[in-house]
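Visitor: Take a look at this one; I'll ask things after.
The values are calculated or read from the model by the stated rules, or taken from the named source; none is laboratory data. If you're wondering where the values come from, they're calculated on a predicted model, not measured in any experiment. Positions of Cβ are generated from backbone atoms using ideal geometry, with glycine treated the same way; all protein chains shown enter the neighbour counts.
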Amino acid sequence: MENATRLEEKTYCLNLFAYQRIPSLEVNIGGIPLGGNQPIRIQSMTTTDTMDTAGTIAQSLRMVESGSEYVRITAPSIKEAQNLELIRKGLREVGCNVPLVADIHFTPNAAEVAAKIVEKVRVNPGNYADKKKFKFIEYTDEQYEAELERIAKRFLPLVELCKEHGAAMRIGTNHGSLSDRIMSRYGDTPLGMVESALEFLRICEANDYREIVISMKASNPQIMVQAYRHLMHQMLENGAVYPLHLGVTEAGEGEDGRIKSALGISTLLIDGIGDTVRVSLTEEPEYESPVAQFLVNYAQASLSEDYQPLQNPENPVDPFAFRRRASHTMENLGHDQVPRVLADYAGRTLTRAHLAEIGYTYAEALDKYSFSDMAADYIYLGDKLPAFDLPGGLKPIYDYPTWNLLRHKESAFPFYRNLAELYAADDFHPRLNFVRVSPADLKNPENLIPAEAVLVAECDGREAPYYYRSLFAELKRLKLTNPVILCTQAPESFSFYNDDHLPEKYRLTRDSQVQLYLTSQVAPLVIDGLLDGLWLGPGSETVNRTAFGILQAGRMRITKTEYISCPSCGRTLFDLQETTARIRKRTEHLKGVKIGIMGCIVNGPGEMADADYGYVGVGPDKIALYRGQEVVEKGVKTAVAVDLLIDLIKADGKWVEV
């Protein structure tokens with residue numbers, strides 16, 4: 001009970017088992033208020049050069065057309081900050097009143113210019129008026145306070161200007177760009193991220209300025225979620241909840257970026273945290289808003305009428321530190337095994353083309369299968385037997401009545417649709433049995449759970465994250481350690497999301513909607529390590545990739561190269577989309593290697609804190625290459641930079657020939 005009490009004291013969510021948005025203070029941003037009872041707002045950021053007035057105006061209009069309610073524009077120096085006036089004027093002249101946000105990192109003077117022009121200013125505490133030289137410094141309490149006084153003195157002019165001109169402010173902390181001072185005292189931790197923001201917030205509050213929005217961004221969704229949870233706990237404890245801007249920074253491109261963003265953002269939205277969302281993708285910014293809107297609509301969709309939330313259960317995890325749930329081993333499931341992927345092809349006549357969708361390619365001439373790193377571990381076939389032999393690494397699961405009639409039962413596994421079927425069964429597999437259970441089953445004291453059973457938690461409705469969490473709360477209460485598979489199916493249509501009002505070019509594809517939905521269904525459980533496998537359906541290549549993508553983004557099973565790439569902005573010194581594609585083409589076979597691709601030094605070594613290697617723009621046609629946080633090559637010509645990056649990977653013994 002001691003641990004349960006500690007967790008209860010660290011409240012970060014009003015209801016773990018049903019949607020309940022946390023009320024926040026309302027902040028006015030150019031006539032479109034944020035927080036309070038306002039809708040969760042959608043925003044994005046331009047990628048054009050801020051000095052390109054016409055280009056930035058045109059892109060901003062496209063962003064608004066695709067659903068962005070705020071438009072952020074970088075202002076790395078005074079000249080860009082001044083040009084915001086022309087951009088704002090141009091937008092207003094064509095009838096677009098979207099609030100503008102100036103993005104500031106290192107330049108207090110630029111922030112002070114921007115505060116007189118735009119509706120909101122974003123500052124990064126780790127860079128703004130603080131020091132970042134990647135040095136560890138031992139601070140006495142007196143030295144630390146003296147630094148805070150120096151920061152307050154430098155920060156106060158911006159606070160006063162925002163008050164005078166009615167501008168809001170976002171205090172945006174980024175994992176990896178924490179100041180040396182914060183790093184020296186708190187380390188590279190979610191708590192350090194929170195304290196970095198709260199220091200600036202206290203300065204604002206002490207000067208009677210509260211038009212504040214806060215963000216805690218990281219490229220690792222686990223760190224991002226933990227930071228927001230810590231921050232929300234402290235705000236609830238202090239009695240003042242400021243609106244929160246949600247985002248997974250440097251999420252990357254394509255489906256990987258969407259899955260990673262959904263994993264972090266949906267986890268928080270599902271728990272009622274967040275007032276505005278920006279999805280950071282390495283592609284044109286007008287394609288970000290529909291993704292963000294899907295995640296918001298998902299979180300706020302109605303739960304099934306027959307769903308009954310548990311009353312006052314214990315939180316099944318410590319929400320502030322990742323620790324995978326302890327389960328016992330059964331075959332290759334549970335304990336220290338990576339989570340397994342189950343493909344669902346029940347109700348279909350299985351073909352070898354289906355197997356190719358889930359990672360098994362058949363060579364007829366050789367009568368042999370080859371398999372990829374994203375090959376499913378199990379396949380559920382219901383009551384249909386295949387007309388050919390399955391690959392050796394793929395284990396079939398059948399409904400119990402079908403399995404019970406097999407001549408060679410040991411080579412397949414049974415699925416019991418409920419505990420009653422399990423109890424009434426004539427036979428069991430000696431090693432592995434899959435059985436569907438519900439939280440209600442575990443509430444019934446007459447139901448005994450055999451140690452040989454892998455539990456399948458199945459929920460296809462919007463309440464799935466809460467339903468799964470309820471089941472784990474009951475498992476914890478009963479001290480059961482059976483492995484658990486999370487099972488959910490993508491519906492035919494997503495009634496909670498309608499983008500018919502958008503121009504067709506901005507509408508999400510069916511595959512994107514499936515990936516965002518399936519990721520959101522299991523997001524909080526993956527972030528908290530509460531699973532031993534994913535059973536997603538209906539089976540397809542997209543669904544299989546999604547399952548592995550979710551596990552990769554949650555750092556639970558690594559099957560491919562990871563790219564931490566920024567979404568581009570006016571500071572970017574090369575074409576991010578083209579460069580990312582070029583690096584991916586030559587390195588995507590390097591399983592488990594993390595490569596940061598950053599357009600400028602602002603989003604350089606700090607923002608790619610989680611990467612093994614970095615490719616960072618430092619000037620026109622000049623690239624710096626990093627090993628972790630260390631620069632190993634400076635001023636490299638773009639034409640040879642990718643070759644030198646590969647040489648660096650080879651020198652470390654991490655290169656594999658295709």
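Visitor: I'd like the full set of residues that are farther than 30 Å from Glu65 by Cβ and assigned to a loop (DSSP other than H, G, I, E, B), limited to region 462-502.
Guide: As a first pass, look at region 462-502 and keep what is farther than 30 Å from Glu65 by Cβ: 463-489.
Residues satisfying the conditions are Glu463, Lys479, Leu480, Thr481, Asn482, Pro483.
Visitor: A follow-up question, please. Does at least one position in region 181-198 carry a residue that is β-branched (Val, Ile, Thr) and modelled with pLDDT of 95 or more?
Guide: Within region 181-198, the first condition is being β-branched (Val, Ile, Thr), and the residues that meet it are 182, 189, 194.
Restricting the remaining residues to those that are modelled with pLDDT of 95 or more gives 194.
Yes.
Visitor: Then there is this: Looking for something in contact with a strand residue (DSSP E or B) (Cβ under 6 Å, 6 or more places away or on another chain), modelled with pLDDT of 95 or more and assigned by TED's automatic domain parsing to the domain that holds Phe200 - is there at least one such residue anywhere in region 144-159? Spell out how you get there, then give the answer.
Guide: Initial filter on region 144-159 (in contact with a strand residue (DSSP E or B) (Cβ under 6 Å, 6 or more places away or on another chain)): none.
Within region 144-159 (the criterion being in contact with a strand residue (DSSP E or B) (Cβ under 6 Å, 6 or more places away or on another chain), modelled with pLDDT of 95 or more and assigned by TED's automatic domain parsing to the domain that holds Phe200), the answer is no, since none of the residues qualifies.
Visitor: Among the numbered criteria (1) more than 24 Å from Lys163 (Cα to Cα); (2) surrounded by 16 or more Cβ atoms within 10 Å (Cβ to Cβ); (3) of a type outside the set (Val, Ile, Thr); (4) touching a residue at least 24 places away in the same chain (Cβ under 8 Å), which single criterion is violated by Pro76?
Guide: Unmet for Pro76, out of (1) more than 24 Å from Lys163 (Cα to Cα); (2) surrounded by 16 or more Cβ atoms within 10 Å (Cβ to Cβ); (3) of a type outside the set (Val, Ile, Thr); (4) touching a residue at least 24 places away in the same chain (Cβ under 8 Å): (1).
Visitor: Being in contact with a Phe, Trp or Tyr (Cβ under 7 Å, 6 or more places away or on another chain) and over 12 Å from Asn174 (Cα atoms) is the filter here, so list the residues in region 202-232 that pass it.
Guide: Narrowing region 202-232 to residues in contact with a Phe, Trp or Tyr (Cβ under 7 Å, 6 or more places away or on another chain): 203, 212-214, 216, 222, 226, 229-230, 232.
Selection gives Ile203, Ile212, Val213, Gln222, Gln226, Arg229, His230, Met232.
Visitor: Considering only region 176-231, state which residues are of a type in the set (Lys, Arg) and touching a residue at least 12 places away in the same chain (Cβ under 8 Å).
Guide: Scanning region 176-231 gives Arg181, Arg185, Arg210, Lys217, Arg229.
Visitor: Inside region 155-185, can you point out the residues that are assigned to a helix (DSSP H, G or I), out of contact with any helix residue (DSSP H, G or I) (no Cβ under 6 Å at 6 or more places or on another chain), of a type in the set (D, E, K, R) and surrounded by 13 or more Cβ atoms within 10 Å (Cβ to Cβ)?
Guide: Selection gives Glu160, Lys163, Asp180, Arg185.
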